[in-house]
Amino acid sequence: MMNNLFSIFDPSTNLFNLPFNWISTFIGMLFIPLSFWFFPNRHYLLWNFISNKLHNEFKTLLGPNGINGSTLIFISLFFFILFNNFLGLFPYIFTSTSHLNMSLSLSLTLWLSFMIYGWLNNTQHMFIHMIPQGTPTILMPFMVLIETISNIIRPGTLAVRLTANMIAGHLLLTLLSNTGINMPNYLLIILISIQILLLILESAVAIIQSYVISILSTLYSSEVN
C-alpha cells in the first residue's frame, strides 16, 4: 500500500531504469500558447502585468541598495516554481518540486550566492546583523550562535516548506482516489466533488508556495546589502 502510494513521487521510469521523469521540469515551455509570442495579445499582457507587479514588490523589499536587474532572478524563480507546481496537478506528469533534489538545489544555490556576496563585499554589515541592536553584552555570544544557526537552516526550511506542501496535497488526492474503487455511485459523486475542491485548493497552494519562496529569497537577499 505505502509503496504504491508513494510511487507517484518516484523519479525513475521503467525504461532502462533512467530518471526520464525529470524532463517534466522543462516541458512547461510547451504549455505556453503560440499567441504569447505575438504582440499585442492577452497572454503577453497578463504575463507582463504579473511580472511588473512582482518587480515592484521585490524592488520595495530589496530597498534602495538593491542592484538593478536583481528582481529578474526572483521573478524567474517565481515562474519556474509556479510552472512545475501546476504541471504536477496534471495526470501522469512528474512533480519535480515535490523532491528535495530540486527544491534544495534551488534554495541552497541562492543562499550560498547571497552569503558569498555578503561576506566578501559587506563583511562588517554581516557581523553587525548577527547581533540585534540593544542586545546586552552578556547575551551577545548566544545571539551570535542563534543567528548563525537560523541563517544556516534557511535553505533547508525553504526546500522543506515547498516539498512538504507539494507532497501533502498529492498524497491526499491519491488517498481519496484509491478509496473510490468500491464506493457506490451516490458516494462517488460526493468524492469527485471533494476532489475537485481539493484540486482548486492545490492550485491555490501552487501559486502561494511559489510566491512565498520568491518573497523569502528576496528578503534573504536584502539582508546582505
- Mean separation of Cα contacts under 8 Å (6+ apart) over length of the chain, as relative contact order %: 29 percent
- Under the rule of -39500 (n - 2.57) per DSSP H run of 4 or more residues, summed and divided by the residues of the chain, what mean residue ellipticity at 222 nm is obtained, to the nearest 500 deg cm²/dmol? -22500 deg cm²/dmol
- Item | Stretchable slack from residue 174 to residue 128, in nm (0.36 nm times residue separation minus alpha-carbon distance) | 11.7 nm
- Message: Suppose a student asked you for the relative contact order of the range 102-175, using Cα pairs under 8 Å spaced at least 6 residues apart; what percent would you report?
- Response: 50 percent
- Which peptide among 112-124, 68-80 comes first, and what is the full order, when sorted by highest mean count of other Cβ atoms within 10 Å? 68-80, 112-124
- Note on the structure: Membrane-span-like helices (DSSP H runs, Cα span along own axis at least 15 Å, mean Kyte-Doolittle at least 1.6) in the chain -> 71-87, 185-222
- Item | Carbon/sulfur fraction of accessible area - the chain, other protein chains in place, 1.4 Å, % | 72 percent
- Task: Compare the peptides 98-109, 55-66, 199-210, 28-39 by average per-residue count of other Cβ atoms within 10 angstrom and give them in order, highest first.
- Result: 98-109, 199-210, 55-66, 28-39
- Could you work out how far apart the two model spin labels at residue 72 and residue 109 are, taking each label as a point 7 Å from the Cα in the direction of the beta carbon, and quote it in nm? 1.6 nm
- Message: Using Cα-Cα distances under 8 Å and only pairs 6 or more residues apart, what relative contact order does the range 79-212 have, in percent?
- Response: 35 percent
- Task: Return the distance in nm (one decimal) between the two label points of a simple spin-label model at residue 45 and residue 193, each offset 7 Å from Cα along Cα→Cβ.
- Result: 3.8 nm
- Message: Please compute the per residue accessible area over the chain with all protein chains in place, 1.4 Å probe, rounded to a whole number of Å².
- Response: 63 Å²
- Query: Based on the alpha-carbon gyration tensor of the range 128-225, what equivalent-ellipsoid semi-axes (square roots of 5 times the eigenvalues) come out, in whole Å, largest first?
  - Reply: 45, 14, 10
- Query: How big is D for the chain, in µm² s⁻¹ as a whole number, if Stokes-Einstein is applied with the Kirkwood radius of its Cα pairs at 20 °C and 1.002 mPa s?
  - Reply: 105 µm²/s
- Note the full-extension length gain between residue 31 and residue 145 as 0.36 nm times their separation in residues minus their Cα-Cα distance, in nm to one decimal. 36.4 nm
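The values are calculated or read from the model by the stated rules, or taken from the named source; none is laboratory data. Quantities reported herein were computed from a predicted structural model and do not represent experimental measurements. Virtual Cβ from ideal backbone geometry, glycine too; neighbours counted across all protein chains shown. Remember, those area values only see protein heavy atoms, side chains included, never the ligands or the DNA or RNA. Shrake-Rupley method; radii C 1.70, N 1.55, O 1.52, S 1.80 Å.
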